[in-house]
Each structure stands twice: as C-alpha cells, then as structure tokens.
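Notes follow the structure.
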Amino acid sequence: MLERKLTTIDNPKLKDACELFWICKGQIPTTMYYEYTVNDIYNVYFRRVWGWDPNEVLHRREGFEEAYNKFLANWPEA
C-alpha cells in the first residue's frame, strides 16, 4: 500500500514533474500534492519527452509558468 505523504513546494522534482506533464498534456494535474505522484509523473513523462524534437518541447512549454504560478497559489495549507 502506498503511503499518501504530502509533498512540499520545496520538492526539487515538483516543478519539473509539473512541466513535463504540461508539455505532454497541456495541464497540471490536481494530484501533484502527493510525493509518490510527483516521482511517478517525473519518471514516466521524462522518458516520454526525452526523444522529442526540442522545438516541439519549446512550443508546448508556452503558458506553463502562468499555470504553475496558479497551481502554487492554490497549494493546500498544511
């Protein structure tokens, strides 16, 4: 059984995992609050994006910073 440990904003993989998911799906999932979700998404989507054309990745990255700032603004209080 997975431990549902909440992650923190200080998690170094959080922003990268959100960005990789954004590049593939165009959104940030609401389940990114859990440690295991951050790690799983980072690992899966890193492998998925690894072989893509860098220009495609750059194009798909548009709008991420604004979405990430909104995501952080809605971060649940501990």
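The values are calculated or read from the model by the stated rules, or taken from the named source; none is laboratory data. Keep in mind that what you see is a predicted model, and the values were worked out from it rather than measured. Backbone-built Cβ (ideal geometry, glycine too); neighbour counts: all protein chains shown.
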For this session: Out of the residues in segment 31-55 that are among the charged types (D, E, K, R) and over 14 Å from PHE21 (Cα atoms), state the one that is surrounded by the most Cβ atoms within 10 Å (Cβ to Cβ).
Result: GLU35
Exercise. Restricting the first residue to segment 31-42 and requiring it to be under 16 Å from TYR68 (Cα atoms), which pairs with a second residue that is among the small types (Gly, Ala, Ser) meet a Cβ separation below 7 Å and a spacing of at least six or different chains?
Worked result: MET32/ALA17; VAL38/ALA17; ILE41/ALA17; TYR42/ALA17
For this session: Please identify the pairs in which a residue from segment 47-68 that is of a type in the set (Gly, Ala, Ser) has its Cβ atom under 8 Å from the Cβ atom of a residue that is not in a helix (DSSP H, G or I), counting only partners at least 6 apart or on another chain.
Result: ALA67/GLN27; ALA67/ILE28
Problem set entry | Extreme residue, modelled with the highest pLDDT, among residues of segment 3-33 that are of a type in the set (Lys, Arg) and in a loop (DSSP other than H, G, I, E, B) | LYS13
Exercise. Which residue, of ASN55, ASN39, is in a helix (DSSP H, G or I), within 12 Å of the chain's Cα centre (by Cα) and of a type outside the set (A, V, I, L, M)?
Worked result: ASN39
Exercise. Just checking, how many residues over segment 58-78 are farther than 16 Å from GLY26 by Cβ, outside any helix (DSSP H, G or I) and either modelled with pLDDT of 95 or more or under 15 Å from the mean Cα position of the chain (by Cα) (or both)?
Worked result: 2
